[in-house]
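Worksheet: the structure to be examined is printed underneath.
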Amino acid sequence: DAKTTQPPSMDCAEGRAANLPCNHSTISGNEYVYWYRQIHSQGPQYIIHGLKNNETNEMASLIITEDRKSSTLILPHATLRDTAVYYCIVRPLLNSGNTPLVFGKGTRLSVIA
Amino acid sequence: NAGVTQTPKFRVLKTGQSMTLLCAQDMNHEYMYWYRQDPGMGLRLIHYSVGEGTTAKGEVPDGYNVSRLKKQNFLLGLESAAPSQTSVYFCASSYLPGGSTDTQYFGPGTRLTVL
């Protein structure tokens with residue numbers, strides 16, 4: 001079972017920031033928050049991960065609450081190409097390969113022109 | 001650097017036929033995975049491998065077999081295809097030896113239809 005809860009869908013205007021929330025109230029101390037996305041008909045794509053500090057890379061920013069029970073993925077300037085299903089996943093950073101990613105239903109983000 | 005590639009991209013089989021899906025990665029990753037994705041659903045793990053010569057069952061292994069004879073390749077076999085195996089199949093790989101993360105990188109998928 002997925003250990004995260006995400007809204008099923010969201011809309012965002014092109015050029016605006018897209019803020020995708022995720023609840024993970026049962027997260028363990030050694031578990032990281034990972035975000036992937038899947039653009040229609042393509043394989044999932046890794047976006048970012050973090051433990052407790054906020055993280056930023058060329059694709060997005062990840063904000064994790066102090067109690068680590070929730071997080072927000074931020075796409076600072078959403079484009080039409082960011083339309084995809086976004087998955088929030090919690091798991092240890094390195095798990096010897098024997099704990100697969102557990103994909104829930106994710107959030108379907110629609111970026112609107 | 002091609003990343004993770006999958007062959008073929010599309011395939012149509014008749015019930016009872018067999019086939020092999022090939023996954024190849026050029027990132028020197030230790031771990032490889034096969035997932036399936038049915039319409040409107042998330043990915044489910046079929047089998048995985050934590051190194052050359054090793055394989056293990058995932059969440060939905062029935063009806064599939066795998067082999068990892070070379071580190072860079074992971075084969076998924078269907079011995080007797082059934083309509084319930086109609087799906088999109090994704091391969092992924094992760095983990096560089098000595099690395100600190102097993103972030104998974106996915107291939108483009110194989111769309112299989114069993115009639």
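The values are calculated or read from the model by the stated rules, or taken from the named source; none is laboratory data. Because the structure is a prediction, the values reported are computed rather than measured. Neighbour counts are summed over all protein chains in view; Cβ atoms, including those assigned to glycine, are modelled from backbone coordinates with ideal geometry. Quick note on the areas: whole protein, heavy atoms, side chains included, nothing else; ligands and nucleic acids left out. Shrake-Rupley method; radii C 1.70, N 1.55, O 1.52, S 1.80 Å.
Leaving out ligands, DNA and RNA, calculate the buried accessible area for the pair A and B with a 1.4 Å probe, summed over both sides, in Å² to the nearest 100. When A and B are taken together, about 1700 Å² of accessible area is lost. The phi torsions of segment B:47-55, fed into the Karplus equation with coefficients 6.51, -1.76 and 1.60 and a -60° offset, translate into couplings of 9, 8, 9, 9, x, 4, x, 10, 9 Hz, rounded to whole numbers, with Gly and Pro shown as x. Scanning residues 5 or more positions from residue B:43 or on other chains, those with amide H under 5 Å from its amide H are A:103, with H placed 1.01 Å from N in the peptide plane. Taking only Cα atoms and a 10 Å spring cutoff, compute GNM fluctuations for chain B and point out the largest among B:98, B:16, B:53. Looking only at B:98, B:16, B:53, the biggest GNM fluctuation is shown by B:98.
With θ taken as phi - 60° and the Karplus curve 6.51 cos²θ - 1.76 cosθ + 1.60 applied, the whole-hertz 3J(HN,Hα) list for segment A:41-54 is 6, 10, x, x, 10, 5, 10, 6, 8, x, 9, 9, 8, 5 Hz, x standing for glycine and proline. Solvent-accessible surface of segment A:1-42, averaged per residue with a 1.4 angstrom probe and all protein chains in place: 56 square angstrom. Taking amide hydrogens as placed 1.01 Å from N in the peptide plane, the amide H of residue A:110 sits under 5 Å from those of A:10, A:11, A:12, each at least 5 positions away in sequence or on another chain. Straight-line cross-link reach from residue A:52 at under 16 Å between alpha-carbon atoms covers these lysines, not counting any fewer than eight positions away in the same chain: A:69. Normalised by the number of residues in chain A, the mean separation of alpha-carbon contacts (under 8 Å, six or more apart) gives a relative contact order of 38 percent. The residues of segment A:40-59 occluded by other protein chains by 30 Å² or more of accessible area, set against the chain on its own, are A:41, A:43, A:44, A:46; surface from heavy atoms, 1.4 Å probe.
Only sites in a loop by DSSP and with at most 16 other Cβ atoms within 10 Å count here; which trypsin sites (Lys or Arg not before Pro) in segment B:16-115 make the cut? Don't jump to the answer; show the numbers that get you there.
Working: sites: B:36, B:44, B:57, B:68, B:70, B:71, B:111; in loops: B:68, B:70, B:71.
Here the trypsin sites (Lys or Arg not before Pro) that fit, given the DSSP loop and packing criteria, are B:70, B:71.
Here the 3J(HN,Hα) profile of segment A:32-39, calculated from phi with Karplus coefficients 6.51, -1.76 and 1.60 at θ = phi - 60°, is 9, 9, 10, 10, 10, 9, 10, 7 Hz, Gly and Pro shown as x. Rounded to the nearest percent, how much of the accessible area of segment B:1-95 (1.4 Å probe, protein heavy atoms only) is carbon and sulfur? Summing carbon and sulfur atoms, their accessible area is 52 percent of the total for segment B:1-95.
Counting heavy atoms of the protein chains only and a 1.4 Å probe, report the per residue accessible area for chain B as a whole number of Å².
Details: 5270 Å² over 115 residues.
Here the residues of chain B average 46 Å² of exposed surface.
Computed from the alpha carbon positions, the gyration tensor of the protein assembly as shown leads to an equivalent ellipsoid with semi-axes of 30, 21, 15 Å, biggest first.
So, with a 1.4 angstrom probe, what is the percent of accessible area on segment A:1-65 that is carbon and sulfur?
Values: 1560 of 3510 Å².
Taking all protein chains in place, segment A:1-65 shows 44 percent carbon and sulfur surface.
Residues of segment B:91-113 that lose at least 50 Å² of accessible area (1.4 Å probe, protein heavy atoms only) when the other protein chains are present, relative to their chain alone, are B:102, B:103, B:104, B:106. Of interest is the spacing of the C-alpha centroids, which for segment B:1-59 and segment A:1-60 amounts to 24 Å. In a Gaussian network model over chain A where Cα atoms closer than 10 Å are linked, find which of A:24, A:40, A:49 has the largest mean-square fluctuation. Of the options given, A:40 has the highest mean-square fluctuation. Structure remark: mean-square fluctuation, Gaussian network model of chain B, C-alpha springs under 10 Å; the largest value among B:41, B:32, B:19 belongs to B:41. As a length-normalised measure over Cα pairs under 8 Å and 6 or more apart, the relative contact order of chain B settles at 35 percent.
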